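Below: the structure, in structure tokens.
The values are calculated or read from the model by the stated rules, or taken from the named source; none is laboratory data. Just so we're clear, the structure is a prediction, and the values are computed from it rather than from any experiment. Glycine gets a Cβ as well: all are built from the backbone with ideal geometry, and neighbour counts include every protein chain shown.
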Amino acid sequence: MSDLLPTFSEGLIARLPSVRGSLTANAPLKDNTWFRVGGPAEVLYKPADAEDLSFFLKNLPSDIPLHFMGVGSNTLVRDGGVPGVIIRLGPAFSAITVEGETLHVGAAALDINVARAARDAGLTGLEFLCGIPGTLGGALRMNAGSYGSDIKHILQTVDIVDRKGQLKTIGVGQMGLSYRLCEAPQDWLFLALTLRGKPGDTETIAAQMKQIQEQRTTSQPIHEKTSGSTFANPPGYKAWELIDEAGCRGLRIGGAMMSEMHSNFMINTGTATAADLESLGEEVRRRVKQKSGFELRWEIRIIGINQ
């Protein structure tokens, strides 16, 4: 396959509102995802703050496609790139403050940093976040969890902005959270969250976080080009067991492979395209469906167009 990346016309920027944040045409995304594949964003917008973002959305033409992206830990960008605008939150949305048993956290804060802040404040219940890659906003979008807990268990409220630029605070009951699922409208962009912890012993919390991280190191291919779990567990079953039973551990398509270490992790071995990875995932789904009758649901978000 050619190493040449697809490109978009730079004309879209002329149609966008003037903002204090940055607008970049044909912005490379390959190095901003953990798979290290994919084409560019037609336009990448990094808002200066919530007011800048609200203004942008209020004045954005309705026909322009819009996507949100964190650190790309759970996103597969197709090789043809992403038409329209990708919004990526920066440092202005990553602050973490603690008041009593409540944490106020920007959606761009890394999950592990939230876990560390809770530990330092002597708050338990958030240790599981140190085992989840990516940002808190991304974790909320899929109700991410590990080691017996998930975002739903600790969430109180969410500050959001919608496609019309309206800023709102939403309660946890309105988010439609269930196992690896958030039914909040797709055009809601999460800006900040309030989380609750419980008083705990700092040393005990630290020991639990260390144990979680050691378990990840020994059981998951975290040093590979991967995006964490590929498929959600069907009720009462483990996705990796179904994948094994279908003979897909170590399965390869092009440069994409299901990990030998953990068969529910998909890996770019170094030469994969996004098409290789998506094709591999779909082949795994086909074989699991044929073998066990289960239709695996992607945990990885796939965006963009094929080349």
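So the values come out like this:
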{"item": "LYS225 farther than 27 Å from SER292 by Cβ, basic (Lys, Arg) and surrounded by 14 or more Cβ atoms within 10 Å (Cβ to Cβ)", "result": "yes"}
{"item": "Set GLY250, GLY236, GLY270: member being under 23 Å from GLY72 (Cα atoms) and assigned to a loop (DSSP other than H, G, I, E, B)", "result": "GLY270"}
{"item": "Residue that is in contact with a Leu (Cβ under 8 Å, 6 or more places away or on another chain), under 15 Å from TRP34 (Cα atoms) and free of Cβ contacts under 8 Å to residues at least 24 places away in the same chain, where the choices are MET266, MET257", "result": "MET257"}
{"item": "Residue match in the range 220-233 (condition: under 19 Å from the mean Cα position of the chain (by Cα), among the acidic types (Asp, Glu), modelled with pLDDT of 95 or more and part of a helix (DSSP H, G or I))", "result": "no"}
{"item": "Residues (assigned to a strand (DSSP E or B) and under 21 Å from the mean Cα position of the chain (by Cα)) located in the range 253-267", "result": "ALA256, MET257, MET258, PHE265, MET266, ILE267"}
{"item": "Which listed residue is among the β-branched types (Val, Ile, Thr), in contact with a Leu (Cβ under 9 Å, 6 or more places away or on another chain), under 28 Å from ILE87 (Cβ atoms) and in contact (Cβ under 8 Å) with a residue 24 or more places away in the chain, from VAL158, VAL172", "result": "VAL158"}
{"item": "Residue check for ILE212: within 16 Å of the chain's Cα centre (by Cα) and of a type in the set (A, V, I, L, M)", "result": "no"}
{"item": "Residue selected from the range 1-34 under the condition in contact with a helix residue (DSSP H, G or I) (Cβ under 6 Å, 6 or more places away or on another chain) and in contact (Cβ under 8 Å) with a residue 24 or more places away in the chain, by the criterion nearest to GLY270 (Cα to Cα)", "result": "GLY21"}
{"item": "Subset of the range 83-109 (residues that are crowded, with 22+ Cβ neighbours inside 10 Å and under 18 Å from ARG141 (Cβ atoms))", "result": "VAL85, ILE86, ARG88, LEU89, PHE93, VAL105, GLY106, ALA107, ALA108, ALA109"}
{"item": "Selection count, the range 182-202, where residues are part of a strand (DSSP E or B) and either surrounded by 14 or more Cβ atoms within 10 Å (Cβ to Cβ) or at pLDDT below 95 (or both)", "result": "9"}
{"item": "Qualifying residue in the range 155-166 (condition: crowded, with 18+ Cβ neighbours inside 10 Å and over 30 Å from LEU57 (Cα atoms))", "result": "no"}
